[in-house]
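Some notes on the structure that comes next.
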Amino acid sequence: MSAEDRNRDRRAEGPGDPPRRAPRVRHVVIAGGSGLIGGELTRALRAEGATVTQLVRRPPRTAEEAQWQPGARLDPALLAGADAVVGLNGASIARLPWTRGYRELLRESRIAPTRSLATALRELGADAPAFLSASAVGYYGDRPGEDLDETSGEGRTFLARLCADWEREALAAGPGCRVVLLRTAPLLHPRAVLRPLIALTRLGLGGPLGPGGQLWPWISLTDEVRAIRHLMDVAVAGPVNLTGPVPASATDIGRAVARQLRRPYLLPAPAPALRLALGRDAADALLLADARVRPAALTRSGFEFTHRTAEAAVAAALGGSRARTGR
């Protein structure tokens, strides 16, 4: 992709503008490619014939890997000539408890790699590739009754502050770089948010978590990867909510899991018990927060979801007969 193309495409779309499409990617650099999203994205890109370079901490094992140390200076030459750089680093928020030390790890595992990538991209100036940097819908915090899109402000929780700081690091890539902030919802996948729900439901312990009516943003792994790939091709910049288009409550998702597993969904877990078991901050952030988050920018860019409902996403993830699109 030429510098002229990049300069034209790094401008953000206005709310009513039709999306401009960038040339199709040929080379993508991924940091954090060993995780669930990174692995699926790498496979999808390589299936298209794109070259994917994964940044790894250990010595490279193949020509498709390059060594780096998150937090240390990154040679801009490793990113030069790429069409896009994707930053997906970050320790799992699902690991409990959130001790003081683990909170620091949650921060540093996101801030340090993003800072290294953004600094290297800034050094490339007008020749910088697009930077798609992970964030999360946790940016919005607990916002019952609000209709949230990319123009909504940050929340007041630990995760909201973390996401805001994370995004500021990405934006330091500078005006020469098109930066997309991937505000990702929890993945409805057996290796992600569904894991504990599946375990409890199989034991016959499934039931409403806290009030149960709190809205949970969600997205399928298929649509997460497709959305990231889509955002490489359209000239969108700034925050983009990667979340399903049809809202779902915690109970909607829990019942969808129970239906797929043919198990009951009866036993409630009161909020005080969840806070006692998981810690207040983790329980509030992961299970009890209520946030109606809309994928406004993603929809405006022309993206079409494969799984429009949480039930369809759960069915697809668990391999059930209800793996339909939910249209």
>> When a/c reaches 1.5 or more, the comparison of a/b and b/c decides; with that in mind, is the range 162-201 rounded, prolate or oblate per its Cα gyration tensor?
In response: prolate
> Pick from Ser301, Ser135, Ser152: which residue has the top mean-square fluctuation in a GNM of the chain where Cα pairs under 10 Å get a spring?
Replying inline: Ser152
> Helix 158-171 versus the longest principal axis of the chain: what angle, 0 to 90°, nearest 10, using Cα atoms?
Replying inline: 10 degrees
> Nearest 10 degrees, 0 to 90: what angle lies between the long axis of helix 250-261 and the longest principal axis of the chain (Cα atoms)?
Replying inline: 80 degrees
>> Taking 0.36 nm per residue of sequence separation and subtracting the Cα-Cα distance, how much length would be gained by fully extending the chain between Arg58 and Asp165, in nm to one decimal?
In response: 35.8 nm
> Stretched out fully, how many nm does the piece from Leu96 to Thr151 gain, at 0.36 nm a residue minus the Cα gap?
Replying inline: 16.7 nm
> Spin-label point model (7 Å from Cα, Cβ direction): what's the Arg262 to Arg103 distance in nm?
Replying inline: 4.6 nm
> What fraction of the DSSP beta bridges in the range 141-280 is antiparallel, stated in percent and rounded to the nearest 5?
Replying inline: 10 percent
>> Taking every DSSP beta bridge with both residues inside the chain, roughly what % is antiparallel (nearest 5)?
In response: 5 percent
> Any idea what log10 I(q)/I(0) is at q = 0.09, 0.15 Å⁻¹ for the chain, Debye with uniform C-alpha scatterers and no solvent?
Replying inline: -0.46, -1.25
>> Quick check: residue separation of Gln67 and Ala80 times 0.36 nm, minus the Cα distance between them. What number comes out in nm?
In response: 3.2 nm
> Rounded, prolate or oblate: which fits the range 90-159 when a ≥ b ≥ c are the square roots of the eigenvalues of the alpha-carbon gyration tensor, with rounded for a/c under 1.5 and prolate only if a/b beats b/c?
Replying inline: oblate
>> Show me the three semi-axes of the equivalent ellipsoid for the range 174-327, from the C-alpha gyration tensor (sqrt of 5 times each eigenvalue), largest first, rounded to whole Å.
In response: 29, 19, 11
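Rule-based calculations on the coordinates, nothing more; no lab input. Just so it is clear, the model here is predicted, and its values are computed rather than measured. As a convention, Cβ positions derive from the backbone with ideal geometry for all residues, glycine included, and neighbour counts pool all protein chains shown.
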